[in-house]
1. I'm told T195 meets every condition in (1) buried (at least 16 other Cβ atoms within 10 Å of the Cβ); (2) free of Cβ contacts under 8 Å to residues at least 40 places away in the same chain; (3) under 21 Å from T239 (Cα atoms) except one. Can you identify the failing condition by its number?
2. Kindly check whether there is at least one residue in region 12-21 that is in a strand (DSSP E or B), in contact (Cβ under 8 Å) with a residue 60 or more places away in the chain, among the small types (G, A, S) and under 20 Å from V88 (Cβ atoms).
3. Would you call K104 over 21 Å from the mean Cα position of the chain (by Cα), free of Cβ contacts under 8 Å to residues at least 12 places away in the same chain and under 29 Å from P127 (Cβ atoms)?
4. Which members of region 30-68 meet the condition of being in contact (Cβ under 8 Å) with a residue 60 or more places away in the chain and of a type outside the set (A, V, I, L, M, F, W, C)?
5. If a residue has to be of a type in the set (K, R) and surrounded by fewer than 14 Cβ atoms within 10 Å (Cβ to Cβ) to count, how many in region 101-135 make the cut?
6. Condition (residue is of a type in the set (G, A, S), within 15 Å of the chain's Cα centre (by Cα) and within 20 Å of R208 (Cβ to Cβ)) applied to region 132-149: is it met by at least one residue?
7. Answer with yes or no whether I153 is within 18 Å of S228 (Cβ to Cβ) and out of contact with any Cys (no Cβ under 7 Å at 6 or more places or on another chain).
Amino acid sequence: MKKFLTVDIGNTQMVFGIFKGEELLCHWRLSSNHHLTSDELAWQLHGMFEQFKQNPSKIDGIMVASVVPHLDVTLAEACERVCAKTAVFTGSQDVKIGMAIDYKNPREVGADRIANAVAAKAAFGAPVIILDCGTATTFDIVSPQGHYAGGLIIPGMEVSLKALSQRAAKLPEISVSRTETLIARDTVSSMQAGTYWAAVDGIKGLIRRLQSIETYASAPIVSTGGLSNQLLEDLPEITAHRPHLTLDGLRLLATQHFDS
């Protein structure tokens with residue numbers, strides 16, 4: 001049974017996962033430091049393989065989704081050094097995703113969004129709606145015909161809070177947190193309450209609008225992304241939560257690519 005290393009390079013973090021067949025053996029996150037060198041990343045990557053008692057020479061293929069082009073060469077060189085394998089990037093002409101893309105320019109669609117759509121379609125069929133809460137909050141839509149139909153992109157909660165603190169001199173830089181009360185009595189709690197509950201109600205509203213379209217009235221809603229855990233208890237609209245949806249999509253693409 002083949003082993004694949006899957007890598008999701010996001011704007012904030014790089015998420016790594018090692019699969020043996022369909023089983024996710026281990027996963028970890030590293031910061032998407034734009035100044036990271038290939039030597040530094042190779043050292044970190046080698047350390048994670050050791051920590052999880054995985055042999056890098058046993059990796060049969062590497063599949064990557066990246067939305068940070070600056071890190072692509074860094075990651076590829078680190079993988080070559082540690083695993084002695086060439087990393088394959090989704091979006092390249094060699095990778096067949098088995099899904100039509102209805103975007104005007106298919107190359108504009110983020111590689112992670114395509115991986116999410118591939119995994120959600122495989123698990124839930126079509127149509128399906130994917131909610132990914134990370135640096136950005138995105139919706140990705142798979143049509144009843146199984147096409148990547150398009151989606152929506154809005155600022156993520158952390159991005160919204162950071163922009164607020166940067167543009168308003170007296171507002172501090174804080175982290176996202178769910179508040180029990182809506183009407184807060186200090187600045188930090190006011191920012192957290194406003195950001196969190198606006199995100200919840202905004203997502204609810206978009207789900208309602210999407211499902212008001214007859215084609216998607218009964219489409220399951222699948223959530224993923226680093227910030228989605230914080231929202232789950234307030235979003236009963238979510239059908240299923242898949243924290244490793246992107247990695248699983250990359251596994252499916254790797255299986256198809258390296259077995260073909």
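1. T195 satisfies all of (1) buried (at least 16 other Cβ atoms within 10 Å of the Cβ); (2) free of Cβ contacts under 8 Å to residues at least 40 places away in the same chain; (3) under 21 Å from T239 (Cα atoms) except (3).
2. Within region 12-21, one or more residues are in a strand (DSSP E or B), in contact (Cβ under 8 Å) with a residue 60 or more places away in the chain, among the small types (G, A, S) and under 20 Å from V88 (Cβ atoms).
3. Spelling it out, K104 is indeed over 21 Å from the mean Cα position of the chain (by Cα), free of Cβ contacts under 8 Å to residues at least 12 places away in the same chain and under 29 Å from P127 (Cβ atoms).
4. D60, G61
5. Final tally of qualifying residues: 2.
6. no
7. Here the answer is yes, as I153 does meet what is asked.
This table checks each residue for (1) surrounded by fewer than 13 Cβ atoms within 10 Å (Cβ to Cβ); (2) more than 30 Å from K2 (Cβ to Cβ); (3) of a type in the set (A, V, I, L, M); (4) more than 21 Å from the chain's Cα centre (by Cα).
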{"position": "I154", "(1), (2), (3), (4)": "no, yes, yes, no"}
{"position": "V159", "(1), (2), (3), (4)": "no, yes, yes, no"}
{"position": "P172", "(1), (2), (3), (4)": "yes, yes, no, yes"}
{"position": "S212", "(1), (2), (3), (4)": "yes, yes, no, yes"}
{"position": "Y216", "(1), (2), (3), (4)": "no, yes, no, yes"}
{"position": "S228", "(1), (2), (3), (4)": "no, no, no, no"}
{"position": "I238", "(1), (2), (3), (4)": "no, yes, yes, no"}
{"position": "D248", "(1), (2), (3), (4)": "no, no, no, no"}
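The values are calculated or read from the model by the stated rules, or taken from the named source; none is laboratory data. In this text, all values refer to a predicted model and were calculated from it rather than measured experimentally. Neighbour counts run over all protein chains shown; Cβ positions are idealised from the backbone, glycine included.
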